[in-house]
Structure formats: structure tokens, C-alpha cells
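Visitor: Have a look at the structure that comes next, please.
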Amino acid sequence: MTPENEDQICVDQLQKQLARMESEVSVIHSLSGEINTTLDPDRIFQVSMESLDKAFEFRHSLILLADAKGQNLEVVASHGYPESGIGAQIPVGLGVIGVAAKRKKLLRSVAIQYHSLYARMAATGAQAQIRHELMRMPGLKNAASQMAIPLLVKEELIGIYAVESPETGAFDALDEQLLSVIGSMVGSAIANARAYQEIEDLSKNLEAKVELRTTELNSLNTLARKANEAGNLSTLAHTLFNTLRSSLGLENFALFLIDDRDSQLVLVSRDTVNPVQHWTTGEPVAIEKTGFVHKTWKRKRTLYLPRLPDRFQDPDEKAMVEAMGVQSMLLIPLIVSGRVVALLICGPSHRLNREQIQSAERYCYQIAGAVRVFALLQTTQEAREEAVAAKEEAEQARSESDALLENVLPSEAARELKETGRVEPVYYDSVSVLFTDFVGFTRAAASLRPSELIQELDGCFSQFDEVARRNRMEKLKTIGDAYMCAGGLPRPSDSHAVDACLTALEFRSFMKQMAEVKQQLGFEFWQIRIGIHSGPVTAGVIGQNKFAYDIWGDTVNVASRMESSGEPGMVNISGATYEQVKDLFECEYRGKVQAKGKGEMDMYFLHRIRGEFSADQEGLIPNDNFNRACIQSSTGGATRLSEIDTQRQGW
């Protein structure tokens with residue numbers, strides 16, 4: 001790829017980031033206006049959750065408020081779950097939500113099934129007193145990403161805003177920044193609403209429901225307008241039902257379309273007092289050659305049965321009567337150009353006279369044309385949707401095939417394989433290879449069920465995949481509990497050593513955060529050992545039935561020795577890598593360390609980004625000085641680092 005293409009990619013990505021940030025600012029501005037103009041807590045909760053869902057697809061969220069003693073958090077609002085879970089409680093200090101509340105700091109977690117963790121604690125009796133509340137907690141069974149944001153007002157914990165997703169790595173640094181701002185806004189709004197509620201509770205609403213009374217008096221005029229504004233058949237049907245109910249006192253309605261072959265009734269909508277469901281919307285009912293339905297359709301005339309017979313010739317008619325729960329029935333055909341296009345059936349509770357029947361006919365005749373038009377539009381729309389669905393299904397199948405190949409191979413290798421049937425090996429003068437290993441994995445694995453072990457590894461490696469992708473590192477393989485990736489391939493990059501070091505620091509930070517959460521819950525946790533070495537390799541694709549992208553060379557062996565010669569919780573880099581990153585990162589020289597099969601080698605512990613180049617106290621986030629330093633040393637590296645720095649803003 002040419003430098004011009006790399007510059008364009010960087011510009012495009014920066015534009016996307018700017019567009020996203022502009023969208024976030026717009027949402028924050030709009031949401032601020034909404035919640036600052038209401039003192040209703042439920043409205044604050046609803047607007048906040050719905051706005052974030054609509055704007056950023058935060059589909060599943062909870063708001064929990066702290067009790068007066070600050071010992072428990074209670075669910076007061078939820079969004080996106082089958083059950084609301086209102087009233088469920090979580091002790092402060094327990095789980096992702098509880099730890100975030102206790103520390104009064106945002107906490108982001110990946111692939112931690114905190115509901116299952118709570119259940120396991122309850123099963124051991126460690127938290128038996130909260131078992132009932134935990135069972136009622138709403139949440140995703142397959143949650144892979146979670147984030148808890150404290151709602152603070154002057155350092156006082158008001159509650160927690162929690163979001164989760166079934167997708168791994170669903171939330172990034174920009175989401176943290178956005179939710180932190182919104183959390184502050186929501187916390188202040190809740191505090192204001194509480195203060196106002198204390199005053200409002202002293203007075204009751206003494207106004208009568210005048211608006212509702214006025215609406216009832218003007219219902220006839222309103223119904224005519226609604227009939228003209230109906231957007232679909234169901235709305236049109238209920239407009240008719242309401243008109244007949246208010247004007248004539250009729251009830252127990254059902255509206256059926258008659259198909260173009262004049263052989264079936266298809267239920268459009270029903271409005272009956274009987275809760276029994278013998279037929280559903282869209283379900284066809286055959287028009288038999290006997291019975292009162294067939295008689296109405298055949299004669300094209302209204303049929304009124306003030307008293308229904310005890311026996312029915314047509315079993316479908318019997319089921320219809322039982323479902324409506326009526327003793328009498330009025331059937332009115334809706335006729336367009338001499339053809340019955342629909343049939344209204346109702347079950348009046350009182351006897352009808354001729355004038356009432358004729359009035360009901362006029363209502364039905366008035367909307368018959370509209371019913372026909374909507375029926376034709378619905379048929380056309382269904383045909384269009386079927387065609388679109390078939391096209392999308394074919395495109396989806398092709399996309400899934402391409403995505404599957406690109407999940408196995410780098411995009412460049414996958415494209416070359418699809419176009420030529422093979423992938424040519426490539427020699428790279430300089431790349432950086434990163435290895436990780438979990439210390440204590442064998443001991444911890446012995447105490448876990450197979451499903452739990454796989455879940456733990458998948459959670460860690462899924463996060464590693466996301467971090468590696470964000471830092472332009474190519475994942476190569478996992479072997480047991482070991483993870484291997486490389487920077488500077490398949491697209492060469494001058495910044496590969498810096499990319500690898502930023503990736504390693506993020507891996508270590510993630511595992512440290514996971515350890516803190518697990519320690520709070522009383523579970524064993526793994527420590528990570530990371531090694532990096534820079535040098536030449538050969539890369540290519542091997543296999544026929546199962547393709548694998550891999551690299552070969554002494555650089556790979558040395559990188560593995562860097563990992564095995566390191567220490568738990570540390571990043572161990574070689575002298576070759578150190579020479580490329582020493583001006584940007586704080587490193588500690590370990591001296592010459594014996595490496596298996598390699599003799600003594602210079603090794604360094606990578607601690608953090610240097611203070612003058614770091615945007616945070618932990619030394620994980622590069623600042624503008626970091627980028628300028630990279631620009632001075634390497635134009636290619638500078639383009640990349642500016643790009644990843646933009647992605648990390650707000651961490």
C-alpha cells in the first residue's frame with residue numbers, strides 16, 4: 001500500500017471518529033435539554049436509556065440507585081430485557097456493578113458473566129442472604145461486554161448506570177467518555193428530581209381529568225379524522241370498531257379480508273371481550289359452502305342473527321363464535337365494484353333495529369374502498385419484502401463465506417487466495433512478535449469445569465483480539481493458554497515495535513482489571529507473562545482444507561524466549577525491540593539473562609509510556625507529544641500512531 005493510501009485510510013478513520021464525536025456531542029446536548037427540563041425520575045430514566053439505545057445501540061441497560069445507608073443498590077429502571085427486574089438489589093462491592101459503586105469509578109468488563117458468578121456464590125452459601133434478589137436481576141445470559149458508570153453528585157454516590165452487550169468488545173474508550181458525561185448529567189438530574197419530589201409529595205394533584213372528558217365529548221369528530229389518517233389495515237379496522245361502538249353501542253368485532261380467489265377469510269384485526277384465542281391475525285379461515293359466512297358472501301347482503309343456533313354446520317364458524325363469546329351476530333359485507341372484499345362480524349349485546357343495522361352498513365360502505373386499497377398495498381409490500389429478503393439472504397450467504405475466510409486469514413491473504421487460488425510467501429525485514437502465557441493456568445484449570453475453562457479463555461482471548469486489531473497487530477494463533485500476534489505484517493509498518501508495546505500494556509492492564517474483579521468475588525485469577533522481540537520473518541499460508549496464516553524464523557523463537565524468561569505481570573522485551581521504543585517508553589534493563597537455547601541475551605522490562613508522552617497517570621494512553629515524537633522519527637509510524645491515539649481518546 002502506498003503512503004498516499006495509508007494517509008487516505010487515516011483521514012477516513014479520523015473523519016469517522018470526528019463524525020462519531022459530533023454525534024455524541026449532539027446526543028449529550030439533546031439529552032441535557034430533555035432531562036434538565038423534567039423533574040420526573042421515570043422520565044429521566046426513560047429518556048436516557050432510549051436516547052442511548054437509539055443513537056448508539058446500547059440495547060441493554062440498567063439504572064440502580066443507592067439506598068440511604070449506601071450499602072445496597074436497587075434496580076429502578078431497565079431497558080431491553082424481557083423482565084424489568086425493578087426492585088432487585090445488589091450489595092455495594094459485589095460484582096462489576098458493586099465494585100464500580102464502591103470505588104466510585106467507571107468499570108468496564110469483557111466476557112465476565114456476572115450473573116453466573118453471583119449464582120455460583122449463592123450456591124456456595126457465601127451470599128445466601130441476597131440469593132432471592134439476584135434471581136430477579138435482569139441481564140443477558142450471554143453477556144460478553146459490560147460497563148458500570150457511577151452517578152455522582154459532589155462525590156456522593158447516587159447510583160449506577162450499567163450497560164451490557166452479547167458482543168465482545170462492544171464498548172470502547174469513546175463509549176466510556178460518553179457515558180461518563182451522561183452519568184454526571186443523569187446523577188445531577190436525579191438529585192434535582194428527588195429534591196422536587198419531596199416538595200411535590202406535600203401536595204396532590206387536585207385537577208380533574210378535564211382533557212379526557214373533553215376528548216370523550218368530541219370522540220365522533222375525532223374518529224372521522226383518524227379514519228382518514230389510518231396508515232394500515234389494523235388501524236383502519238380499529239377506527240371502524242370504535243366508531244360503531246361509540247355511535248351504536250356495538251361490541252365484539254372482527255374484520256376479515258377475502259382473498260382474490262374468494263376461498264378464504266384472513267383475519268385483519270379483532271376486538272372482543274372474550275380472552276380466548278381460537279384464531280390469530282393473518283390466519284386464514286376457509287369459506288365453506290354452508291353456514292352464515294358463506295350465505296353473507298354469496299348474497300352480498302347483510303345478515304343479522306339475533307339468536308345464534310345451538311349447532312353449526314361449519315366447524316370454523318363454531319370456533320369463531322366461541323372465540324368471540326357472543327349470543328347474536330351481525331355480518332356486513334364490504335363491497336367494491338360488485339365484489340365482496342372484506343367481511344365485518346360483530347356480536348351486539350342488545351337487539352338491533354332496522355335503522356341501527358342500516359347505519360352500521362353505511363359506516364362499512366364508507367371505508368370499503370380504503371380497505372381494498374390497503375389490502376392491495378399490503379399484498380404488493382409482502383411480495384416486495386419477499387424479493388428483498390431473498391436477495392439479502394443470498395448476499396448474506398456470500399458475505400458469511402467471505403467473512404469466514406477473512407476470520408481465518410488476513411484480508412490481503414484472503415483476497416489473494418480467492419483471486420489466484422494460492423498465497424505467495426513473503427519475507428519481512430522487520431516485524432515485532434508478541435507472545436503471552438497465563439501463569440498458574442494448569443492449577444486453575446484443574447478446578448474448573450470444561451465449559452467454565454473455555455469461557456474464561458474465550459473471554460480473555462476475545463479481548464486480546466480486539467486490542468490487537470485496534471493496534472494493527474495480526475493475530476496468528478493460540479496454543480493452549482498461549483496467545484501469539486505480530487505487528488508489521490501483512491502490511492509493513494515502521495511503527496510495529498510501538499504497536500506491539502502498546503498492545504502489551506493494554507493486555508496487562510486488562511488482566512489486572514480482571515484480577516481485581518475476581519478477587520472481589522473470591523475467585524482465583526490468572527497472571528499474564530508477555531514477551532516481545534523484533535526482527536525478520538517469513539510469512540505465508542499453509543494447508544489445503546484448513547488454511548492457516550503463520551510466520552517462521554529465529555525471531556519467533558526469540559520472542560517465545562522473551563515470554564518464558566519474563567515474570568508474572570510483566571512485559572519482557574528484547575534489546576532489538578528496546579532500541580526502537582526506548583525514547584517513548586519507560587524500560588528497566590534486566591542485564592543479560594539466560595534464555596533457553598539462546599544463551600545470555602539483553603532483556604528489558606517494559607513498564608509504561610514515558611510521563612511526558614502519556615495522557616493518563618498509568619502510562620497507557622499516548623498524548624500529542626507522543627505523536628509528535630513519532631513524526632520526528634518515522635513518517636509511516638506517525639500516521640499510524642495518530643490514528644490509534646484518536647481511537648483511545650477518553651480512556
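The values are calculated or read from the model by the stated rules, or taken from the named source; none is laboratory data. Every value quoted in this text rests on a predicted model; they were computed, and no experiment measured them. FYI the Cβ positions are ideal-geometry reconstructions off the backbone, even for glycines, and counts take in every protein chain you see.
Visitor: I need every pair where a residue in segment 560-589 that is more than 17 Å from D494 (Cα to Cα) and hydroxyl-bearing (S, T, Y) has its Cβ under 8 Å from the Cβ of a residue that is part of a helix (DSSP H, G or I) and at pLDDT 90 or above, sequence separation at least 6 or different chains.
Guide: Cβ pairs passing all conditions: S574/V558; S574/A559; S574/M562.
Visitor: Further question on the same structure: Mind telling me which of the residues R443, R491 ends up being assigned by TED's automatic domain parsing to the domain that holds S574, in a loop (DSSP other than H, G, I, E, B) and modelled with pLDDT under 90?
Guide: Values: R443 fails: in a loop (DSSP other than H, G, I, E, B).
After applying the criteria, what remains is R491.
Visitor: Restricting attention to segment 526-549, which residues are farther than 27 Å from Y604 by Cβ and not β-branched (V, I, T)?
Guide: Matches in segment 526-549: G540, G543, Q544, N545, K546, F547, A548, Y549.
Visitor: When K141 is evaluated against the numbered criteria (1) surrounded by fewer than 21 Cβ atoms within 10 Å (Cβ to Cβ); (2) in a helix (DSSP H, G or I); (3) at pLDDT 80 or above, which criterion, by number, is the only one it fails?
Guide: If we test K141 against (1) surrounded by fewer than 21 Cβ atoms within 10 Å (Cβ to Cβ); (2) in a helix (DSSP H, G or I); (3) at pLDDT 80 or above, just (2) comes out false.
Visitor: Still on this structure: Tell me, which helices (runs of 4 or more DSSP H) wholly within segment 544-651 include 1 or more residues that are in contact with a Gly (Cβ under 7 Å, 6 or more places away or on another chain) and modelled with pLDDT of 90 or more?
Guide: 554-564, 575-581
Visitor: Could you check, for segment 188-196, whether at least one of its residues is of a type in the set (D, E, K, R) and either surrounded by 15 or more Cβ atoms within 10 Å (Cβ to Cβ) or modelled with pLDDT of 80 or more (or both)?
Guide: Here is the first cut: in segment 188-196, the residues of a type in the set (D, E, K, R) are 194.
Now narrow it down to the ones that are either surrounded by 15 or more Cβ atoms within 10 Å (Cβ to Cβ) or modelled with pLDDT of 80 or more (or both): none.
No; the residues of segment 188-196 include none that is of a type in the set (D, E, K, R) and either surrounded by 15 or more Cβ atoms within 10 Å (Cβ to Cβ) or modelled with pLDDT of 80 or more (or both).
Visitor: Same structure, new question: When the residues of segment 326-379 are filtered to those that are among the hydroxyl-bearing types (S, T, Y) and more than 23 Å from G291 (Cβ to Cβ), which remaining residue is modelled with the lowest pLDDT?
Guide: For segment 326-379, the residue satisfying everything is T379.
Visitor: Related question: Of the numbered conditions (1) under 25 Å from S145 (Cα atoms); (2) outside any helix (DSSP H, G or I), S51 fails exactly one; give the number of that condition.
Guide: Status for S51: all satisfied but (2).
Visitor: From the list T478, T436, which residue is surrounded by fewer than 21 Cβ atoms within 10 Å (Cβ to Cβ), β-branched (V, I, T) and either at pLDDT 90 or above or not assigned by TED's automatic domain parsing to the domain that holds A143 (or both)?
Guide: Of T478, T436, the one residue that is surrounded by fewer than 21 Cβ atoms within 10 Å (Cβ to Cβ), β-branched (V, I, T) and either at pLDDT 90 or above or not assigned by TED's automatic domain parsing to the domain that holds A143 (or both) is T478.
Visitor: Just give me the residues in segment 485-497 being crowded, with 21+ Cβ neighbours inside 10 Å and of a type outside the set (S, T, N, Q), in sequence order. Can you show your working first?
Guide: Within segment 485-497, the subset crowded, with 21+ Cβ neighbours inside 10 Å is 485-489, 493, 495-497.
Across segment 485-497, the qualifying residues are C485, A486, G487, G488, L489, H496, A497.
Visitor: Hey, another quick one. Which of (1) assigned to a loop (DSSP other than H, G, I, E, B); (2) surrounded by fewer than 17 Cβ atoms within 10 Å (Cβ to Cβ) is the odd one out, the single condition F525 does not satisfy?
Guide: Here F525 clears every test but (2).
Visitor: I need the full set of residues from segment 318-334 which are surrounded by fewer than 17 Cβ atoms within 10 Å (Cβ to Cβ), free of Cβ contacts under 8 Å to residues at least 60 places away in the same chain and not charged (D, E, K, R), in order please.
Guide: Hits for segment 318-334 are A319, Q327.
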